[in-house]
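Each value in this text was obtained by applying a stated rule to the coordinates, not by laboratory testing. Please read all numbers here as calculations on a predicted model, not as lab measurements. Note that we place each Cβ from the backbone using ideal geometry, even for glycine, and neighbour counts take in every protein chain shown.
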Amino acid sequence: MTSIELQNEIIDDFSLFEDDLESKLFYLMDLGKKLPDMNTAHKSDEFIVKGCQSKVWLYPIYNEGKLYFEADSNTEITKGLVSLLVRIWNGKTPKEILDTELYFIEKIGMSRMIGSQRSNGFTSMIKQMKMYAFALVKE
Amino acid sequence: MSSINLQNIRNLFPILHQEVNNFPLIYLDNAATTQKPLQVIEALQSYYKFDNANIHRGAHTLADRSTGMFEATRKAVQQFIHAAEAEECIFTKGVTESINLVAQTWCKKFINKGDEIIITHMEHHSNIVPWQLICEEKEAILKVIPIHTNGTLDMEVFYQLLSDQTKLISCVWASNALGTINPIEEIIRAAHAKNAIVFIDGAQAGSHIEIDVQRLDIDFLALSSHKLYGPTGVGVLYGKRKLLEAMPPYQSGGEMIREVSFEKTTFNDIPFKFEAGTPNIADVIAFKFALDFVNELGKTKIIAHEHALLNQFVSGVKSLNSSFGSDEIELIGTAEEKVAVQSFVIHNKHHFDIGLMLDARGIAVRTGHHCTQPLMNFYNIEGTVRASFAIYNTIEEVDALVEAIKKIIKK
């Protein structure tokens with residue numbers, strides 16, 4: 001699936017909750033729990049993406065022209081959001097990642113999570129994933 | 001419960017009557033800032049509609065009127081804290097500026113190499129860093145009173161730290177993260193016996209503690225308007241006249257001068273010496289309406305009501321813990337003497353998640369380190385969730401918070 005199709009799928013999933021924010025957050029926490037464990041060797045300070053309240057670890061793997069990510073967070077809701085990004089971008093080419101406009105965040109009612117970089121590692125994480133892709137495209 | 005008409009009080013706060021995420025707003029972040037009653041909101045509007053003019057200058061009627069209103073707030077502050085004179089009350093932009101003012105003036109003149117300043121382990125960063133900077137500059141020594149696990153000061157160590165080198169002690173009256181009310185009377189007495197002066201950070205004292213600077217013999221006291229039902233951008237620095245007069249000016253410019261020539265400038269008397277430039281006139285004027293609001297209710301009633309809320313929350317947490325058969329929730333800050341602030345952590349849950357989950361039910365709390373990182377390090381935690389109560393909160397709101405916490409733990 002393309003990153004657009006995957007975003008639309010996520011929007012569909014969340015539409016079931018309508019404007020029930022609490023259920024959305026519980027769902028995000030469940031999604032976070034399903035994110036595959038990071039290789040502990042990769043969960044180091046070198047791969048930390050820091051926010052004020054939540055931390056994210058992000059480890060990129062480049063294989064046969066495609067990017068894959070291992071990720072984790074110290075907060076459950078951020079981890080859920082992180083799992084959505086991994087779902088959208090895992091196995092995509094660096095170019096597709098760079099070209100993706102992330103519209104799903106607003107559509108699922110989570111725009112506040114990208115509003116302030118200070119309070120959340122999630123915004124920094126999006127930037128970091130694109131940076132990895134950018135470095136590969138430049139090569 | 002105390003004899004207050006809660007519905008009447010709540011009707012004065014329009015902001016409380018709204019839904020957040022489809023739930024009625026429950027505002028429990030009062031230690032960060034309180035909501036404003038209609039009197040304050042209307043005073044701001046009315047000032048700009050009818051009275052706006054620069055103060056302390058100009059012969060016209062509006063200037064006279066706004067000057068009178070501005071100075072009426074100073075008088076109200078004097079009465080609120082029982083200062084000897086209104087001139088001892090200086091308007092700043094907040095507690096942070098009040099602290100910096102003293103650090104940059106009194107300390108500049110009176111702190112020398114080898115002198116000692118004492119603070120406590122539970123201080124807000126704004127009551128740590130200004131002293132740290134001046135100590136660095138003057139090669140003075142900053143000492144810290146440690147705390148016990150329940151969040152009270154280790155007074156035994158305080159007496160050991162106090163010495164002939166101690167020049168100043170700066171201590172929070174009520175801790176923003178723990179709620180602990182510190183024994184400032186004892187600290188002041190001990191400090192004065194050593195000829196040291198005491199700065200009291202009263203940010204969280206405002207409407208929650210009876211304030212009498214003369215009875216307590218406080219040298220400096222900082223207050224915040226916006227934590228006291230008043231507008232943001234206004235703070236107070238109280239100082240004893242003899243201390244304020246001995247201090248060099250803080251900022252320079254208009255208002256704070258007596259005469260200026262290119263050869264020499266002489267400075268105005270207190271309080272104007274420390275109020276350079278056009279002050280925050282509208283907000284200072286509206287602040288009086290907040291003080292009136294508190295005075296009309298009476299602090300005794302306010303304190304009784306807020307303590308009833310705190311007790312309801314603490315017993316709610318305790319019964320949750322016993323229903324779970326384990327201490328899922330840990331209360332941080334369990335001193336006997338407290339203002340209505342309660343920090344807590346939930347086992348295996350990050351405070352950031354808890355804050356978002358509570359917000360989803362319309363409950364506003366503060367999460368994080370509360371600008372007290374040394375304190376968080378003491379408890380070996382990254383941060384807490386903090387509920388802080390005010391006069392307009394209800395027992396039902398506290399119960400809703402406990403219920404929401406229960407749901408988060410069960411998840």
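Can you give me the long-range amide H partners of B:ILE90? Hydrogens built in the peptide plane at 1.01 Å from N, cutoff under 5 Å, separation of 5 or more residues or another chain.
Distant-sequence amide H within range of B:ILE90: B:LEU237, B:TYR238, B:GLY239.
Could you list the trypsin sites (Lys or Arg not before Pro) in segment B:215-306 that lie in coil according to DSSP, counting only those with at most 13 other Cβ atoms within 10 Å of their Cβ?
Passing both the DSSP loop test and the Cβ count: B:LYS264.
How do B:THR149, B:THR67 rank when sorted from fewest to most other Cβ atoms within 10 Å of their own Cβ?
On the way: B:THR149 10, B:THR67 17.
Listed from fewest to most nearby Cβ atoms, that is B:THR149, B:THR67.
Normalised radius of gyration for the protein assembly as shown, please: alpha carbon Rg relative to 2.2 N^0.38 Å, two decimal places.
That works out to 1.10 for the protein assembly as shown.
How long are the three semi-axes of the equivalent ellipsoid of segment B:41-296, in whole Å, if each is the root of 5 times an eigenvalue of the C-alpha gyration tensor, listed from largest down?
Taking √(5λ) for each eigenvalue gives 32, 23, 14 Å, largest first.
Helix A:121-138: angle to the longest alpha-carbon principal axis of chain A, degrees 0 to 90, nearest 10?
Roughly 30 degrees between the two axes.
Can you give me the relative contact order of segment B:83-175 as a percent, contacts being Cα pairs under 8 Å and 6 or more apart?
It rounds to 32 percent for segment B:83-175.
Sort A:GLU96, B:GLU156 so that the residue with the fewest other Cβ atoms within 10 Å of its own Cβ comes first and the one with the most comes last. Provide the component values of the computation, followed by the final result.
Working: A:GLU96 17, B:GLU156 9.
The order, fewest Cβ neighbours first, is B:GLU156, A:GLU96.
On a 0 to 90 degree scale, rounded to 10, what angle separates helix A:3-15 from the longest Cα axis of chain A?
For A:3-15 against chain A, the angle is about 20 degrees.
Give me the lysines in straight-line cross-link reach of A:LYS107: C-alpha distance below 20 Å, same-chain residues under 8 apart excluded.
A:LYS24, A:LYS79, A:LYS127
In deg cm²/dmol, rounded to 500, what helix-only [θ] at 222 nm does the protein assembly as shown give when every DSSP H run of at least 4 residues adds -39500 (n - 2.57) and the total is split over its residues?
Rounded to the nearest 500, it is -13000 deg cm²/dmol.
When the dipole is taken about the Cα centre of chain B, and only Lys, Arg (+1) and Asp, Glu (-1) are charged at their Cβ, what size is it in debye, to the nearest 20?
It comes to approximately 380 debye.
Sequence-distant or interchain residues sharing an amide H contact under 5 Å with B:VAL172, placed H: which?
Answer set, sorted by chain and number: B:THR120, B:ASP201.
Could you give the alpha-carbon Rg of segment B:160-234 over 2.2 N^0.38 Å, rounded to two decimals?
Against the empirical 2.2 N^0.38 Å value, I get 1.16 for segment B:160-234.
Most fluctuating residue of B:ILE257, B:ILE111, B:ILE281 in a GNM of chain B with Cα springs under 10 Å: which is it?
B:ILE257
Which of the GluC sites (Glu not before Pro) found in segment A:28-79 are in a DSSP loop and have at most 16 neighbouring Cβ atoms, other than their own, within 10 Å?
Sites meeting the loop and neighbour criteria: A:GLU64.
Do the alpha carbons of any pairs in B:LYS108/B:LYS242; B:LYS93/B:LYS273; B:LYS36/B:LYS410; B:LYS167/B:LYS264 sit beyond 25 Å of each other, and which pairs?
Going by Cα-Cα distance, B:LYS36/B:LYS410; B:LYS167/B:LYS264 fall outside the 25 Å limit.
Where the only charges are on Cβ atoms (+1 Lys, Arg; -1 Asp, Glu), what is the dipole of the protein assembly as shown about its Cα centre, to the nearest 20 debye?
480 debye
Helix A:76-89 versus the longest principal axis of chain A: what angle, 0 to 90°, nearest 10, using Cα atoms?
The angle comes out at about 60 degrees.
Once whole DSSP H runs in chain B are found, which of them have Cα atoms spread over 15 Å or more along the helix axis and a mean Kyte-Doolittle score of at least 1.0?
The qualifying helices are B:281-297.
Quick query: amide H of B:VAL198 versus all other amide H atoms, modeled in the peptide plane; which residues come in under 5 Å with a sequence gap of 5 or more or a different chain?
Here the answer is B:ILE169, B:ASP219, B:PHE220, since their amide H atoms fall under 5 Å of that of B:VAL198.
Write out the trypsin sites (Lys or Arg not before Pro) in segment B:50-115 meeting two conditions: DSSP loop, and at most 14 other Cβ atoms within 10 Å of their Cβ. Write out the running numbers ahead of the final one.
Details: sites: B:ARG57, B:ARG65, B:ARG74, B:LYS75, B:LYS93, B:LYS108, B:LYS109, B:LYS113; in loops: B:ARG57, B:LYS93, B:LYS113.
Answer by residue number: B:ARG57, B:LYS113.
For segment A:3-138, I need the span (max minus min coordinate) of the C-alpha atoms along each principal axis, in Å, sorted largest to smallest.
Result, largest extent first: 41, 30, 26 Å.
How far is the Cα center of segment B:217-256 from the Cα center of segment B:27-73, in Å?
18 Å
So which aspartates and glutamates pass the test for B:LYS227, namely a Cα distance under 19 Å, with those fewer than 8 places away in the same chain ruled out?
B:ASP29, B:GLU42, B:GLU97, B:GLU123, B:ASP201, B:GLU210, B:ASP212, B:ASP283, B:ASP292, B:GLU296, B:GLU306
Return A:TYR62, B:TYR48 ranked ascending by Cβ neighbour count within 10 Å, so the fewest neighbours appear first.
Fewest to most other Cβ atoms nearby, the residues stand as B:TYR48, A:TYR62.
For segment B:166-197 and segment B:325-357, what is the separation of their Cα centres, given in Å?
That distance is 26 Å.
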